[in-house]
1. For a test of the definition: using alpha carbon positions, the gyration tensor, and the 1.5 limit on a/c, classify region 112-210 as rounded, prolate or oblate.
2. Mind checking which helices in the chain clear 24 Å along their axis (Cα) and have mean Kyte-Doolittle hydropathy of -1.0 or more, DSSP H runs only?
3. In what order do Asp444, Asp453 fall by count of nearby beta-carbon atoms within 10 Å, going from fewest to most?
4. Quote to one decimal, in nm, the extra length available between Glu405 and Gln365 on full extension: 0.36 nm per residue of separation minus the C-alpha distance between them.
5. Over region 292-332, consider all pairs of different Cα atoms and compute the Kirkwood hydrodynamic radius from their mean reciprocal separation; express it in Å, one decimal.
6. May I have the convex hull volume per residue, in Å³, for the Cα set of region 263-316?
7. Rounded to the nearest 20 debye, what is the charge dipole size of the chain about its Cα centre when +1 sits on each Lys and Arg Cβ and -1 on each Asp and Glu Cβ?
8. So between Lys467 and Tyr355, what do we pick up on full extension, going 0.36 nm a residue minus the alpha carbon distance?
Amino acid sequence: MFKNKKNNEISIVTIDPYEQTGFKFQNNEVDILDVNKTAQKQNFFISYLKFKDIITTTINLPRNTSEDELTNIISIKTYEELSLDAAVDYKITYAEMQSQNENRLFNVFVVNNDLINKNFKDISKKIPYIDYLAVAPLLYGAVYKRSLLPSVDVDCFVCLQDDDAFLAVYSGGEYLTSRPLRYTLNYIKDKYVEQSGERTSDEAFFKMLATKGLELDRENENFNPDLNTVFEDCLFYINDTINIINRIYFINVNSIYIDCSGEGIANLDKFTHSKLGIKTSILNANITINSKHFNISQQHNMMALFAKLYQDEGYEEEFNFSTMMRPEPFAKRKSGQFILTCLIALGISLAYPIYNYIAGEILEQDSQRLDNKLTELNAQANEIKQKLAQLSKEQDEVKGLTAKEQEKLDFRKSLLDEIQSKKNSYAMKGVNLFELTNIINDNDVQITSVTNDDRNLTIAATSDNEKKITELIKAIAQTPKYSVNTKKIYSDELKRNYESNISIEIKQ
């Protein structure tokens, strides 16, 4: 059983419509699939047609045949050579063979579609799709593609089943030709009964083949001369068929691989090699790690290989005979393409008005957005203007206050300068006044007023004697740093004294 684990890989489901068996391959493991139960649609489903349900032939055409007409010509020649009923629905596919002849050779496969539907009638009730339907002779190509066999020699695959038998020849890993064989397992059983004169059931006969098989040593207890005789006839018949193929295709078969259904035939490989002198092996295409737990036919193993190749690289895509293909994606269906074309045409016709409508809506929205933005910006501008007006008003007020403060500052500065000047000059004036006062007192003259104008002093002097005033003027004039000037000495008869305004200039 599969382990429960997350995996995004799609499972490959192989179906044998004849045995009604199915297997599910995933992550190098295999599990039984009940074909009577509904399968999950996401799986990849592959099945095959036995050789007895197909028709094969080889068509020769001149090398100058037009490629454009090739399909029609091959179909016509196939109908003619095989005498096919034109009323029957056939699918015809072909592949060109490598040939040195003057003509081109084509392997042609023909399948009756009605027969396919009949074989898969019961399967289709539970299995939704068959993604690939292979034909039995082409399944062996997968073992070369997956490097299970070397693709350097000419190999012959001998397939023995209950009701079908054929051989397929591959050269260099490529399909060359195939031939039907009358020696099916049921036919071999009938020949054995005829040879031995003993009746036996199918179950007993096939069990004998699997357990005792063929024995060359007459002394061995499993030696069965009747069975050996039947298989000798079978192998000589196969050898004749191989020799015919060797002559037709100018080849020499190097190896034989036995593909036997059921539990197989013991020692058939050794028996074949002994009788035909060709290296013989039992075909083993197992690819899963748990295959020993199941009785899996090589057809299931090869279908799993084939499906993986088809998924990865579209291997043998032209030989897919399925009539139960899953629907193509909507865009690839004719109905889907028609609907899409109509929708595109409708879309194109509506594109311009829709464009105009959408463009108008966008412009209207942009206009509304810009109007809202303009209103917002106007409000912000008005607010800024109000703030600027307020700031201008405040600035004017500040300028007025600044002017007043500057005026006060200038006044205080002038006052301080004047005070400083007076401080600097008053000391000198005090000394001069003190000196002048002494001179005045020495001359017995009275001072009634003193007027100061920078370095000029004007004193009003009075005395009861005109001579004292004159002496005072002389005394001051004798001092070098004073310059004395007076216009006149007045006589006041009422007061009986003399007055004079004496101007003194202080030189230093």
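1. oblate
2. Once both thresholds are applied, what remains is 225-249, 334-442.
3. Neighbour counts put them in this order, fewest first: Asp453, Asp444.
4. Here the segment from Glu405 to Gln365 would lengthen by 8.6 nm.
5. 12.4 Å
6. Residue-normalised Cα hull volume stands at 110 Å³.
7. Approximately 2580 debye in magnitude.
8. Value of the extension gain: 27.6 nm.
Read the figures in this text as sums done on the coordinates, not as results from a lab. The structure presented is a predicted model; accordingly, all values stated were derived computationally and were not measured. Reconstructed Cβ throughout: ideal geometry from the backbone, glycine too, with neighbour counts over all protein chains shown.
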